[in-house]
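This report refers to the structure that appears directly beneath it.
The values are calculated or read from the model by the stated rules, or taken from the named source; none is laboratory data. Note that the structure is a prediction, hence the values are computed from the model and not measured. FYI the Cβ positions are ideal-geometry reconstructions off the backbone, even for glycines, and counts take in every protein chain you see.
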Amino acid sequence: MGSSSAENNHNSIVFGATVIPIYLNINDQKNPDFNPKCTTMTLDFGSTSQDIGEIYFKNYYTYIISVLVKKISNTASKKLKKWYIAIRQKKLMDNAHTEFKSQGYVCIKSSESEIDWSGLYKIKLILRQPSPIWSNFGIDDVKVIRKVQSENV
């Protein structure tokens with residue numbers, strides 16, 4: 001039986017994490033109960049850049065996730081680190097108001113990204129849950145897996 005690459009600890013990358021809740025105040029006259037909730041989680045790899053293959057985690061009622069990555073800009077004349085949108089919105093639950101797919105394991109592969117995940121210094125995960133039903137949401141057991149270099153046989 002095959003195993004997930006997230007289970008291969010020698011490919012896991014150590015990181016520091018910061019979680020910040022963001023409170024949005026949106027005045028929606030048509031839907032006064034609408035209170036979107038948003039949290040960010042920043043994964044910091046320190047001063048050494050990493051080549052990332054996938055991010056693996058357990059979902060806990062997060063409806064949509066967005067992924068931003070921080071890497072050195074290819075367009076700037078100076079070697080500045082810049083945030084890029086890697087994945088705009090990935091739905092983790094079929095419906096924000098029901099429990100279906102609310103607590104499963106999720107793997108986001110670098111191949112889903114709009115840009116390359118080589119040379120990353122940080123990853124920012126933006127978690128959203130618009131439903132008033134779930135007061136708590138987030139992700140847990142986060143693992144960042146190194147990109148596996150293919151070998152020519």
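Quick rundown of the values:
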{"quantity": "Top-ranked residue in segment 125-153 [being in a loop (DSSP other than H, G, I, E, B) and within 11 Å of Met93 (Cβ to Cβ); ranked as modelled with the highest pLDDT]", "calculated": "Phe137"}
{"quantity": "Matching residues in segment 102-118 - criterion: being of a type outside the set (A, V, I, L, M) and in a loop (DSSP other than H, G, I, E, B)", "calculated": "Ser102, Gln103, Gly104, Ser113, Glu114, Asp116, Trp117, Ser118"}
{"quantity": "Hey, Thr42 surrounded by fewer than 18 Cβ atoms within 10 Å (Cβ to Cβ) and in contact with a strand residue (DSSP E or B) (Cβ under 9 Å, 6 or more places away or on another chain) or not", "calculated": "yes"}
{"quantity": "Whichever residue in segment 52-101 is of a type in the set (S, T, N, Q), in contact (Cβ under 8 Å) with a residue 40 or more places away in the chain and assigned to a strand (DSSP E or B) and, among such residues, is surrounded by the most Cβ atoms within 10 Å (Cβ to Cβ)", "calculated": "Asn59"}
